[in-house]
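Below is one structure, written out as structure tokens; comments come after it.
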Amino acid sequence: MSRVRADEEEYWHSSKFRAFTFDDEDDELSQLKESKRAVNSLWDIVDDDDDDLERVSWSGEPVGSISWSIKETASGSTSSLDGRDSSVQKGSSSYAALPKQASSYSLSSLFKGRNKLPSFQSLSDALSDSGVKNYAPELRRPRAEYKDYSSDWSPKDTVRRMQRGKVCSLERFRSLQDKLVLLDEAVAGHDGNVITAVLIFLKRTLRREILFRELEVRQVALCHLIHFLRETGEQKFLLDLLRFLDRTEEVALSQYREHLNIQDVEKRREFLKGCIGLPFSAEDTSHIQDHYTLLERQIIIEANDRHLEMAGQSELFRKYPRKASILNMPLVTTLFYSCFYHYTEAEGMFSSPANLKKTFKIPDKQYVLTALAARAKLRAWGDVDALLTTKNWLGYTKKKAPIGFHRVVEILQRNSAPVQVLQEYVRLVEDVETRLNLATKYKCHDVVIETYRDLKDRIQLTAYKCKVERGSADEEKINSILNN
Amino acid sequence: RCPFPQAIVWDEYLTGPFGLIAQYSLLKEHEVEKMFTLKPGRLPPADVKNIIFFVRPKLELMDIITDNVLREDRGRSPQRDFHILFVPRRSLLCEQWLKEQGVLGSFIHREQYSLDLIPFDGDLLSMESESAFKECYLESDQTSLYHAAKGLMTLQALYGTIPQIFGKGDCARHVANMMIRMKREFPGSQNSIFPVFDTLLLLDRNVDLLTPLATQLTYEGLIDEIYGIQNTYVKLPPEKFAPKKQGEGGKDLPTEPKKLQLNSAEELYAEIRDKNFNAVGSVLSKKAKIISAAFEERHHAKTVGEIKQFVSQLPHMQAARSSLANHTSIAELIKDITTSEDFFDNLTVEQEFMSGIDTDKVNNYIEDCIAQKHPLIKILRLVCLQSVCNSGLKQKVLDHYKREILQTYGYEHILTLNNLEKAGLLKPQTGGRNNYPTIRKTLRLWMDDVNEQNPNDISYVYSGYAPLSVRLAQLLARPGWRSIEEVLKMLPGPHFEERQQLPTGLQKKRQHGENRVTLVFFLGGVTYAEIAALRFLSQMEDGGTEYVIATTKLINGTTWIKSLMEKLEPAPF
């Protein structure tokens, strides 16, 4: 690891020569700008708006690498996850080894703006508490050194250079005002890469409330920051920002999105439970609630069924082993599963179809469709019949299909139902033409014959004779009709 | 650039576009020894000094690179140096990410390869930036517009300043602004090249959300809808391409998909690509007759001279024959699908919506498709189409669709539905007003008497629907947008005109009958059917305008909707 880091330092130092051009800087101008910068930094001290961080993350002279290493230490001490060696020593040694060029590269500090740990706050605390200023006195650089560093580009030039892929120091933009001018320039350039770079810098050097406040009136920059936070997964910061902006629905969705990253179902369920109270739109709220309830059910069903399957007691599970777990499946799939394995259960059982139907207010149409598919797959034609039969208050029974009988026929046919079963439903298709089509297609001769008889269509009926088997009951039937 | 033998590790997505501009042999001349595809794990051994990563600036790719670098055996000798080449641009965000992973320092060089506009055909340029639409309209990230403007500046440096710029939409406005600004900031950009283009038309995709949602019905459009054309290549099921010779080892059918390149360099393809699919069959059979007649010639060749002439034509004839064989097979494959019941039903519903029938209630076919769990993207395309053709759905209808989709495909798709809503594709009707009928009538978007065989209007590309975007281009050329001010106001975003001054010497004096050339830039993507429609306008005898097309990405409804969907699976590592 330290090897890599050394390489890294080396890169920065050597890269400087490529990154900056020497010849296009006017000496007097740079002096002027230097003094202006001094004034600016004075203003900086007066202005409480600026974050403490700002004062340490200056760069430009060898000592800069100390402030560098301090940060590294700070992050190292807050976390051992990082796996980095304590870097004070390393930092100073690398400084010793490379005394001259040490820090003119300032974009490096831009890159490390983000601390991966949630302890962002504690990092900056640690920095300000330790009185960093003492470690990092503002030394005057040797003139020659200074020249190539201080290419004192205006915000506009800085942005333009960055657009051309050149490295540029942002550290010299110290006052809030300068930073905002820089940001506005970047936005005016429309180059997302540069806008993001500036935002990373601002995010690191401005206090949150100030950053948020300023971004609120800079919508383009704001969008870029939101996108950036989403990409890098800085969920907490993002949520803070959205909350500040009062974009409550986005906060809710953004938080909800997180559940996709949780693999453990129990944890996911807990997480979803927490999402229910979030400020979704009215419509979405009920969906989120359903999502939670569904997963809760699935966990119960899964535990139960896995047990059943393992025990090998249930014939159903032995005959039709489950292809996959039911966890995280959509509602309709769950209903199908329940109609397949738990059809006969009473409504009181969580795994029963009736219970699912009631809990999730599944419309009749959807329910019949799903149940039909499940029962047909098991070739439980009796259940199919019962599903489509309704009793009126006089006790008469009647066949009814909210999805239309042509769909019933399709589903049954797909599950290779025998002709006897099929034709019972083909007969119930209301539209005559559809009925004839289906009956002909699936060879429900009875239905075809009867339909032509009712239509009194002798010609078609005669023609149909060649489609039925010679000497069969069907042929006889046609003959007897034709003779009448 | 690197003097030592090198290996390139490719982001697979880039190999397509790069394949269009450089051959492997060319790279080989530049001491490229090996090429790998970017994937997690240890890099394959290769005796090279330099390893160069060619990647798009994407965080998930950075993670893979990090993995590669960290697993590199540090003890090996010679040690390999790493370089990274971002296409089309260096990204500070990505570099920061690499830095956080502690590997940034491992890269000796980090450079960018600016690949703004890639030529796809004689009249077609694309940036192949697949997320441009999403970035512009969902995330308000205008980086791709910046690249578009830069690409246009490069184009102007090569082909002269374009004197007139027209545009419609917010993004168009941005691009025009950036171009003007760039021109001001680089005074040296004033060039002395005689302008090739007379007009630039910038069009926002969100001005016309409808067109990509409909199923394209040109030959090329259908190939793309069904098999997906990527960087001019298409992969097809191999069955229909089985070698005819039964003798040689002919035991089983090839299992590898057949890969074909499709562009206008192929004579036959150039002729049929933009035709309505229903007109392709007759062309193919005519061609077949011509070719077999040509082969018959050999029986009539009597003298040595005649035979020699016949033989000299053979290579060309062979090529024509294999081209014909390929396209006949493709046409057969497509026909299997276009003649299916479901394709027909789907098309019927699309056409009903586009001609304004029953757009305000829940559609039975869509419901059936959901019940049968057809692919979600298909459902979303239809529902969005209905929403666009109704200027938004009634709240009750929208809620119904939403619930059905979530219950059948999973609640997590609520995120995708939200994205579609943000992009304006799926939304509740506001103000209770449906502007679409007015737009449809004024722009003549629906033509009842469409001629697919010998078209006289662009509506042939969708068998009745004339793509709105292309209508705008057509009306701009003649009689001008002033005639449709009212409709332009109904479509989102501003419309505008800018002029770029040319030095007097470069101003064009038009010969009588000479065509004007317009560059149409689609910001957010363009479909093959729209391209076909523009080519059709170019070829019209009294058209007076030729079109060259540029875009951020070649899209179809499926790839487009997909780019807007929330990625639901967590990254594989």
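The values are calculated or read from the model by the stated rules, or taken from the named source; none is laboratory data. Please read these numbers as outputs of a predicted model, since none were measured by experiment. Every residue, glycine among them, receives a Cβ derived from its backbone with ideal geometry; neighbour counts consider all protein chains shown. For accessibility, only protein heavy atoms count, side chains too; no ligands or nucleic acids. Shrake-Rupley method; radii C 1.70, N 1.55, O 1.52, S 1.80 Å.
Restricting attention to region B:106-133, report how many residues are open to solvent by 40 Å² or more (accessible area, probe 1.4 Å), of a type outside the set (S, T, N, Q) and at the interface with chain A (Cβ under 10 Å from one of its Cβ atoms). Summing the residues that are open to solvent by 40 Å² or more (accessible area, probe 1.4 Å), of a type outside the set (S, T, N, Q) and at the interface with chain A (Cβ under 10 Å from one of its Cβ atoms) in region B:106-133 gives 3. Any residue that is among the charged types (D, E, K, R) and surrounded by fewer than 24 Cβ atoms within 10 Å (Cβ to Cβ) - is there at least one of those in region B:199-207? No, every residue in region B:199-207 fails to be among the charged types (D, E, K, R) and surrounded by fewer than 24 Cβ atoms within 10 Å (Cβ to Cβ).
Scanning region A:174-205 for residues that are over 23 Å from B:Arg89 (Cβ atoms) and not polar (S, T, N, Q) yields A:Arg174, A:Leu176, A:Asp178, A:Lys179, A:Leu180, A:Val181.
May I ask you to list the residues in region A:317-339 that are among the polar types (S, T, N, Q) and either outside any loop (DSSP other than H, G, I, E, B) or within 14 Å of another protein chain (Cβ to nearest Cβ) (or both)? Even if it seems obvious, please write down each step before you answer.
The initial filter retains those residues of region A:317-339 that are among the polar types (S, T, N, Q), namely A:325, A:328, A:333-334, A:338.
Passing the criteria: A:Asn328, A:Thr333, A:Thr334, A:Ser338.
Of the residues in region B:156-164, at least one is open to solvent by 20 Å² or more (accessible area, probe 1.4 Å), of a type in the set (S, T, N, Q) and not assigned by the TED database to the domain that holds B:Pro44. When B:Ile84 is tested against (1) modelled with pLDDT of 75 or more; (2) open to solvent by less than 60 Å² (accessible area, probe 1.4 Å); (3) over 25 Å from A:Thr196 (Cβ atoms), exactly one condition is not met: (3). Per the conditions (1) closer than 24 Å to B:Glu350 by Cβ; (2) over 22 Å from the mean Cα position of the chain (by Cα); (3) open to solvent by 30 Å² or more (accessible area, probe 1.4 Å), the sole criterion not satisfied by B:Gln474 is (2).
Taking region B:403-412, which residues are open to solvent by 20 Å² or more (accessible area, probe 1.4 Å) and either under 12 Å from A:Leu253 (Cβ atoms) or more than 7 Å from every other protein chain (Cβ to nearest Cβ) (or both)?
Going residue by residue through region B:403-412, those that are open to solvent by 20 Å² or more (accessible area, probe 1.4 Å) are B:403, B:409, B:412.
If the condition is that a residue be open to solvent by 20 Å² or more (accessible area, probe 1.4 Å) and either under 12 Å from A:Leu253 (Cβ atoms) or more than 7 Å from every other protein chain (Cβ to nearest Cβ) (or both), then B:Arg403, B:Glu412 are the ones that fit.
Any residue at all in region A:348-360 that is more than 20 Å from A:Ile403 (Cβ to Cβ), within 14 Å of another protein chain (Cβ to nearest Cβ) and polar (S, T, N, Q)? Yes: one or more hits. Please go through region A:187-229 and give me each residue that is part of a loop (DSSP other than H, G, I, E, B), surrounded by fewer than 20 Cβ atoms within 10 Å (Cβ to Cβ) and either free of Cβ contacts under 8 Å to residues at least 24 places away in the same chain or facing another protein chain (nearest Cβ under 10 Å) (or both), ordered by number. Answer for region A:187-229, where residues must be part of a loop (DSSP other than H, G, I, E, B), surrounded by fewer than 20 Cβ atoms within 10 Å (Cβ to Cβ) and either free of Cβ contacts under 8 Å to residues at least 24 places away in the same chain or facing another protein chain (nearest Cβ under 10 Å) (or both): just A:Val217. Of all the listed residues (B:Asp345, B:Asp360, B:Asp368), the sole one being free of Cβ contacts under 8 Å to residues at least 60 places away in the same chain, surrounded by fewer than 19 Cβ atoms within 10 Å (Cβ to Cβ) and either away from chain A (no Cβ under 13 Å) or closer than 21 Å to B:Tyr462 by Cα (or both) is B:Asp345.
For region A:302-335, how many residues are at pLDDT below 90 and touching a Lys or Arg at 6+ places or on another chain (Cβ under 8 Å)? Going through region A:302-335 one residue at a time, the tally reaches 2.
Okay, residues lined up against (1) touching an Asp or Glu at 6+ places or on another chain (Cβ under 8 Å); (2) facing another protein chain (nearest Cβ under 9 Å); (3) in a helix (DSSP H, G or I):
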| residue | (1), (2), (3) |
| --- | --- |
| A:Lys267 | no, no, yes |
| A:Asp290 | no, yes, yes |
| A:Ile299 | yes, no, yes |
| A:Leu308 | no, no, yes |
| A:Gln313 | no, no, no |
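Looking across region B:62-78 at every residue that is within 11 Å of chain A (Cβ to nearest Cβ) and open to solvent by 40 Å² or more (accessible area, probe 1.4 Å), the one that is modelled with the highest pLDDT is identified as B:Leu70.
Answer yes or no as to whether A:Asp290 is touching a residue at least 60 places away in the same chain (Cβ under 8 Å) and within 21 Å of B:Glu566 (Cβ to Cβ). Before the answer, list the steps.
Working: touching a residue at least 60 places away in the same chain (Cβ under 8 Å): yes; within 21 Å of B:Glu566 (Cβ to Cβ): yes.
Criteria met by A:Asp290.
Just one of (1) more than 12 Å from chain B (Cβ to nearest Cβ); (2) in contact with a Leu (Cβ under 8 Å, 6 or more places away or on another chain); (3) among the acidic types (Asp, Glu) fails for A:Asp178. It is (2). Is there any pair linking a residue in region B:87-103 that is more than 7 Å from chain A (Cβ to nearest Cβ) to one that is open to solvent by 30 Å² or more (accessible area, probe 1.4 Å) and of a type outside the set (S, T, N, Q), with Cβ under 7 Å and at least six apart or on different chains, and which? The qualifying pairs are B:Val87/B:Arg56; B:Val87/B:Tyr113; B:Pro88/B:Tyr113; B:Cys94/B:Pro57. Please count how many residues of region B:417-438 are of a type outside the set (A, V, I, L, M, F, W, C), crowded, with 17+ Cβ neighbours inside 10 Å and touching a helix residue (DSSP H, G or I) at 6+ places or on another chain (Cβ under 7 Å). So the answer is 3. Of all residue pairs spaced 6 or more apart or on separate chains, those with beta-carbon atoms under 6 Å, a first member in region B:158-182 that is at positive phi and a second member that is outside any helix (DSSP H, G or I) and not small (Gly, Ala, Ser) are B:Gly160/B:Ile193; B:Gly160/B:Phe194; B:Gly160/B:Pro195; B:Gly160/B:Val196; B:Gly169/B:Asp204.
Looking only at residues in region A:405-457 that are in a helix (DSSP H, G or I), touching a Phe, Trp or Tyr at 6+ places or on another chain (Cβ under 8 Å) and open to solvent by 40 Å² or more (accessible area, probe 1.4 Å), the one that is nearest to A:Asn483 (Cα to Cα) is A:Val419.
Out of B:Leu27, B:Leu20, report the one residue that is of a type outside the set (Lys, Arg), at pLDDT below 75, in contact with a Pro (Cβ under 8 Å, 6 or more places away or on another chain) and open to solvent by 20 Å² or more (accessible area, probe 1.4 Å).
Values: B:Leu27 fails: in contact with a Pro (Cβ under 8 Å, 6 or more places away or on another chain).
Sole residue among the options that is of a type outside the set (Lys, Arg), at pLDDT below 75, in contact with a Pro (Cβ under 8 Å, 6 or more places away or on another chain) and open to solvent by 20 Å² or more (accessible area, probe 1.4 Å): B:Leu20.
Among the conditions (1) surrounded by fewer than 20 Cβ atoms within 10 Å (Cβ to Cβ); (2) more than 14 Å from chain B (Cβ to nearest Cβ), A:Val384 misses just one, which is (1).
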